[in-house]
Amino acid sequence: MNIQDASSPRTTRIIIVDDDPIVREVLTTALGSETDIEVVAVVANGAEAVDVVHARTVDVVLMDVQMPVLDGVAATSRILALGGGTRVLLLTTFDDDSFLDGGIAAGASGFLLKTTPPGRIAEAIRTVRSGGKVLSPGPAGRVLDRYVRGQSPRVASTEDLDLSEREQEVLRLLCQARTNREIARRLG
C-alpha cells in the first residue's frame with residue numbers, strides 16, 4: 001500500500017495509448033519509474049482508451065494521434081465528453097498543424113512530439129494534471145506566429161476531403177460513434 005503524507009504530491013494516474021507496442025513499452029518503463037506517476041492502463045487505440053476512462057479513475061491520458069479504430073483527436077472528444085476531470089496530452093510523430101489544431105479544438109491540454117525526452121513528458125503530465133497546457137517548441141512557435149498574424153487555427157472538415165456525398169454521410173455517422181450495424185441500418 002502506497003501511503004503519502006500531506007506534503008507529498010498526489011500520484012497522477014495515467015493511461016498510455018499508442019498503436020506501436022515498442023512506444024507503449026518504452027513509455028510504460030520510463031513513466032512507471034516516476035514516483036508520482038502511476039500507469040494504470042496501456043492500450044492500443046482510442047476506443048480502448050475511452051473504455052478505460054469510463055471504467056476507471058484516470059487523471060491524464062497520454063495519447064497518440066494516429067491510430068486504428070479511433071484516432072487520438074476523436075478519442076479526446078469522447079473522453080472529455082465523459083466529464084470527470086480527465087485531461088488529455090497528445091503525443092505524436094507528426095509535426096502537423098492539422099493534428100495540432102484538431103487536438104486543441106477537441107480540448108486536449110497539450111501536444112508533444114515523440115522526440116520529447118521522457119523526463120519532459122513526465123513534466124508535461126504533471127503540468128497538465130495541475131490544469132496547465134503544454135506544447136512542443138515547434139508547434140508552439142507556429143501557434144504564436146499565427147496569433148501574431150491574426151490567423152485562427154484551421155480545423156479540417158469533411159469538405160476538405162475528396163469524399164463522395166455517401167462517404168461523407170458514413171463519416172458523419174462514424175463521428176457520432178455509431179456502430180457499423182447502426183450505420184448500415186440507417187443508410188439501408
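The values are calculated or read from the model by the stated rules, or taken from the named source; none is laboratory data. The structure presented is a predicted model; accordingly, all values stated were derived computationally and were not measured. Positions of Cβ are generated from backbone atoms using ideal geometry, with glycine treated the same way; all protein chains shown enter the neighbour counts. Surface areas here come from the heavy atoms of the whole protein model, side chains and all, with no ligands, DNA or RNA. Shrake-Rupley method; radii C 1.70, N 1.55, O 1.52, S 1.80 Å.
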Six or more apart or on different chains, Cβ under 9 Å: which pairs go from a residue in the stretch 50-62 that's among the basic types (Lys, Arg) to one that's not in a loop (DSSP other than H, G, I, E, B)? Could you list them?
Arg56/Arg13; Arg56/Ile15; Arg56/Val40; Arg56/Ala41
If Glu182 meets every condition in (1) open to solvent by less than 30 Å² (accessible area, probe 1.4 Å); (2) modelled with pLDDT of 80 or more; (3) charged (D, E, K, R) apart from one, which number is that one?
(1)
Could you grab the pairs with beta carbons closer than 6 Å, sequence gap of 6+ or different chains, first residue in the stretch 20-37 and at negative phi, second one open to solvent by 60 Å² or more (accessible area, probe 1.4 Å) and not in a helix (DSSP H, G or I)?
Arg24/Val42; Thr28/Val42; Asp36/Pro9
Leu89: within 20 Å of Ser109 (Cα to Cα), open to solvent by less than 20 Å² (accessible area, probe 1.4 Å), modelled with pLDDT of 90 or more and touching an Asp or Glu at 6+ places or on another chain (Cβ under 9 Å), yes or no?
no
State yes or no: is Val128 at pLDDT 90 or above, in contact with a strand residue (DSSP E or B) (Cβ under 7 Å, 6 or more places away or on another chain) and within 17 Å of Val17 (Cα to Cα)?
yes
Filter the stretch 20-48 for residues that are small (Gly, Ala, Ser) and either touching a Phe, Trp or Tyr at 6+ places or on another chain (Cβ under 7 Å) or not in a helix (DSSP H, G or I) (or both) and give the result.
Ser33, Ala41, Ala44
Scanning the stretch 53-83 residue by residue, those surrounded by fewer than 18 Cβ atoms within 10 Å (Cβ to Cβ), closer than 19 Å to Pro21 by Cβ and either more than 13 Å from the chain's Cα centre (by Cα) or among the charged types (D, E, K, R) (or both) turn out to be Pro68, Val69
Please count how many residues of the stretch 98-116 are surrounded by fewer than 18 Cβ atoms within 10 Å (Cβ to Cβ) and either out of contact with any helix residue (DSSP H, G or I) (no Cβ under 9 Å at 6 or more places or on another chain) or in a helix (DSSP H, G or I) (or both).
3
